[in-house]
Structures are given as structure tokens and as C-alpha cells.
Amino acid sequence: MVVDVIKKLMQLEVSNQKWGVTNREWVRSDKQRILKKPPQRGRWRNLLIVLFFLNVHLGNTILHAQSVDTTKQKKPIDVNFLFSYYQQDGEHSAVTGGIGTQELSDKSAKLNLIVPIDSSGSLNFGLNLNHYTSASTDKIDNRISSASESDVRTAWQLGWEQTYSSYQRAYSFSFGGSVESDYISTNFQGSWYTPLTSNKQHSLLIDGQVFLDRWVLYFPSELRDTIHPFITTDRRFSYHLSLQYEWIINRRLALGINSGISLQKGLISTPFHRVYFEGEELARIEYLPGTKWKWPLSIRVHYFLGSGLVSRTFYRYYQDNFGIRAHTASLELAIKLNPRWTLSPIYRYHTQSASKYFAGFEQHSTDANYYTSDYDLSAFHSHKVGIGFRLLPYWQWHWKRLKWYGNLKSIGIRIVYYKRSDGLWAWTLTTALGGS
């Protein structure tokens, strides 16, 4: 039983840091967009209050619904609800050349359906909505950041998962996309899982992803008539391949090793990021090479200490052809206080070197071939601390009209605080609901 628990933990925990320099890279790349309308704060404040009390944890919680018709019992339909709130601030906005506020807030809701079609196959559908406000993207037409603007990002994913019980193998594939004001993305994903031994103590997971992205090109207002000729494409192509080896060493100890390669080609730089040079009054737009590769290597160890205590340790090394070298280490404990309550403290440390193309405000040389003032590519170290709670209430609901019933089995919440050495700070609230 302990072996099965450890194996499920290894399969459920997917690193958000797989392809980026930090787990915050998606915030800067996906959220600093040109925006047109002022935020409507009151409505979203009320929504946040509602989401807070819905309480749930991180993607492994489930709400099942099934018919009470006992003559032909169907497999349950899994319905996953995820809610989160993110807020950050700092003083190094890339939109204004490495100065200015980085104030940003994001509210997201995610729905994921897993519909069994037969005993071995299931259809998966996911829908994600993000509403965010950003002070820096309001200043594509100005040099100094001020009040926030807002935008909405919509993403969806449709896929199929097939298992072979006789061989203990499984594969999955999916496709999806996302849309926001200045960015359109399409993706294709596939994975293959197979045990390497008959007792399943050794297994291999191969995962591949392809992203086909297109920018809606917006440039800083003062540069729109003087854009340099190197912007020759509005497309970006990303290819990711990952290999994960898992080893259940004994009843208490499990090991996972993950590595892969990521390649991006096309418009890597962000068109509305300004860069200021020494001795020049007029800014230029960010300019980076048209090819970028990333190589991560990570090790994950789960150990059952006994008495309801599990430790999860993680280490990752990262490097890319932009010159960044990074190290990340984290420790999370799952402490079972009683049969219904689980407490999960977490700590993470990250350090990295600067990209060879990075320099701060008015620090670039005029003869530089490539340049950026995005502090996500600077040298820094960071700390992340957080705590999570999980409750197993086992509440039952029954919808007589449709003859549906379900059991609410999991309520949880996680709060995380993040602090970076360049002054950036952030906090995240993640919630979820689960049952069967």
C-alpha cells in the first residue's frame, strides 16, 4: 500500500519549472501584453471572495458525478475545479526598459473533464480562463508605468488517454490553443508510459509537446515609425521532449529522474519591451537571437518517514544558449495530522546567472548585437515559502431530478509567498474541490 501511495505521488507531482528558468517565467511572458480597457475591480474582488471559500488544492482533486441507476452503473465522470489568485510587484519592468513598477494581479479558473468511454479509454477536456491586470503594459505608449490595465486569456485542451491493463502501459495525445489580445497559440501533445520490469518498480515516461504561436505585433508608441528591420516574422515555434525515469526502490523510498530538451525558433524577443542604451535618448525594442534551446535535468526523491509523514525533495539544474545557468532545490513535507487533516509546508530556493544579452537601464553598449533589460534574464536568487492544508470531509450530494449523486472528499488550500533578490515579490492562493 505504501508503494502505491509513493508511486501516485511521483506521477501526480509535475514540475512547473520543467522548461523555464523560474516558475515565474510564464507570468512575464504570458501576461505583459498591450491592454486597452481599465479594470473592473469590484466584480473581480467579489469573485475572489467566492473562490476563496470554494477551497481546493492543486490539480489532483476530483468531483465525480454518476447516475444512481443501479441496473447499468457507469464509470464516474471526473470533474476537476481549480481556482487561483496571483499578485506581484517590483521595480524593474521590461516594458519601460528595466525601470518602473511590475505590479500585476491574475485571477484564474480551470475546469477539467475526464469522461470514460470504455474500460481502457477516456476523453479529456480542459478549459482555463485568466483575467489579469498589469501596470507596466499600460505604458507601451508612455515611459513611466502608472495605473493598471486588464486583459483576458482563454485556453482549451482536448485529448484522449488509452491504457492497456494487460501490459500496464498507457499513452495519451491532445491538442488545444489559447487566445489573448496580442497572442494566439496552438499546441499538440503526446505521451507514452511503460513499466520496464514486471513488478513496475522501474518505469519510463516519454512526453512531447509542440507549440505554434503567433504574435499580434505591438510596438512602443515612440518607436512605431522607426522599427528596426530585424523584425521579420510574427511567429514562434517551440518543441519540447522530456524523458522521465521512475524507480520504486523499496516500500519507503522512490526516485524520479527527468531530463529533456526544448527548442524555440522565430520571434523570441517581446516586441513591446524597451531597451535604453548608454548615450542614447531614444530606446530600441528588445532584440534576441531567433533560436533558443533549453536543457533541464531534475531529480525527485520521495521518502515515507512513517507515522503519516512523507518528504518530497527536488533538485533541478538548468542551462540554455543565452548563457543562463540555474540551480533549484525544494523540500515539501506531507504531515498527516489525523485521518482527515493533512498539513504540507514547502520551501524552495533558486539561483541563476545572468544572460549574456542582459543589462539594466542605460547600461547596454551601442555596438551590442543582441540586448534585453528583462530582469527575468538577470542574475538573482529567490526564496519561496508556503503552506497547504487538506481536509477529507466526505460530504454526499444528490440531484434527484437528474438521478445524479456524488461524494465531496477533499477540500484544500495552499498559500505561497515568493521573494526575489532584485526586489520582486509575489504571493499565490490556490484552491480546489475533490470527490467521487
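Things to note:
- 3J(HN,Hα) couplings calculated from phi for the stretch 327-344 with the Karplus curve 6.51 cos²θ - 1.76 cosθ + 1.60 (θ = phi - 60°) are, in sequence order, 10, 9, 9, 8, 9, 10, 10, 10, 10, 8, 6, 7, x, 10, 10, 10, 10, 9 Hz; Gly and Pro show x.
- Dipole of the stretch 159-239, positive end: most advanced residue of SER203, PHE219, SER174 [Cβ charges, Cα centre]: SER203
- Between LEU333 and TYR171, the contour length at 0.36 nm per residue exceeds the alpha carbon distance by 55.2 nm.
- The stretch 217-271 shape via C-alpha gyration tensor axes, a/c threshold 1.5: prolate
- Rounded, prolate or oblate (a/c below 1.5 giving rounded, otherwise prolate when a/b exceeds b/c) for the stretch 278-436 by Cα gyration tensor: prolate
- Fully extending the segment from LEU158 to PHE389 would add 80.1 nm, taking 0.36 nm per residue of separation and subtracting the current Cα-Cα distance.
- At an R0 of 30 angstrom, the distance between the Cβ atoms of LEU343 and THR313 translates into a FRET efficiency of 0.95.
- HN-Hα J in Hz across the stretch 258-270 - Karplus 6.51, -1.76, 1.60, θ = phi - 60°, x for Gly and Pro: 10, 8, x, 9, 10, 10, 10, 9, x, 7, 7, 6, 9
- For LEU305 and LEU204, the FRET efficiency from 1/(1 + (r/R0)^6), where r spans their Cβ atoms and R0 equals 22 Å, is about 0.20.
- Extension gain from ILE117 to GLU222, taking 0.36 nm per residue of separation minus the Cα-Cα distance: 32.2 nm
- Violating pairs (Cα-Cα greater than 29 angstrom) within the set LYS200/LYS419; LYS200/LYS336; LYS356/LYS419; LYS110/LYS336: LYS200/LYS419
- Between ILE261 and TRP293, the simple spin-label model (points 7 angstrom out along Cα→Cβ) gives 0.5 nm.
- Eigen-decomposition of the gyration tensor built on the alpha-carbon atoms of the stretch 257-335 gives equivalent ellipsoid semi-axes of 41, 16, 10 angstrom, largest listed first.
No lab work stands behind these numbers, since they all come straight from the coordinates. Please read all numbers here as calculations on a predicted model, not as lab measurements. Positions of Cβ are backbone-derived with ideal geometry, glycine not excepted, and every protein chain shown enters the neighbour counts.
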